[in-house]
Amino acid sequence: MAKVTLKDLIELARAGYTPQNVKELMTLEAPAEPISPQTQTEVPEVNLSQSIEDTLVNTSSPEPKESPKAEAEPDYKALYEAEKEKVNALQNKNNRADVSTQLPTEADLLDLVRDYCK
């Protein structure tokens with residue numbers, strides 16, 4: 001059986017593995033690979049039966065509790081409705097605005113034609 005370190009257990013817990021999944025993974029036979037003395041490091045062994053559950057329980061994030069901030073949040077629906085009313089008022093104002101320009105006079109048209117014919 002391969003040595004399992006506390007670091008490995010924490011990484012598995014963060015990845016979303018449950019204690020049952022970790023135990024199942026540990027019972028699987030890993031292919032025997034020769035370890036060279038140069039790459040072998042000293043790792044303290046951990047009591048697996050207790051530490052797996054303790055580690056997974058301790059590293060799991062606690063359920064978020066309702067905070068007092070939730071009560072202080074603004075009423076988004078009311079803000080949306082107020083902005084919607086502002087937009088509608090501005091659109092109505094723009095729709096009623098006079099966008100007409102002065103009609104060109106006969107002299108302006110003659111000047112335009114003369115400039116074009118040059």
Tell me, yes or no, whether the stretch 88-102 has at least one residue that is acidic (Asp, Glu), at pLDDT 60 or above and either in a helix (DSSP H, G or I) or surrounded by 10 or more Cβ atoms within 10 Å (Cβ to Cβ) (or both). no
Scanning the stretch 63-82 for residues that are surrounded by fewer than 10 Cβ atoms within 10 Å (Cβ to Cβ), assigned to a helix (DSSP H, G or I) and of a type in the set (D, E, K, R), the one modelled with the highest pLDDT turns out to be 77
Could you tell me whether any residue of the stretch 46-54 is under 30 Å from residue 9 (Cα atoms), modelled with pLDDT under 90 and in a loop (DSSP other than H, G, I, E, B)? yes
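The values are calculated or read from the model by the stated rules, or taken from the named source; none is laboratory data. Note that this is a predicted model, so its numbers are computed, not measured. Note that we place each Cβ from the backbone using ideal geometry, even for glycine, and neighbour counts take in every protein chain shown.
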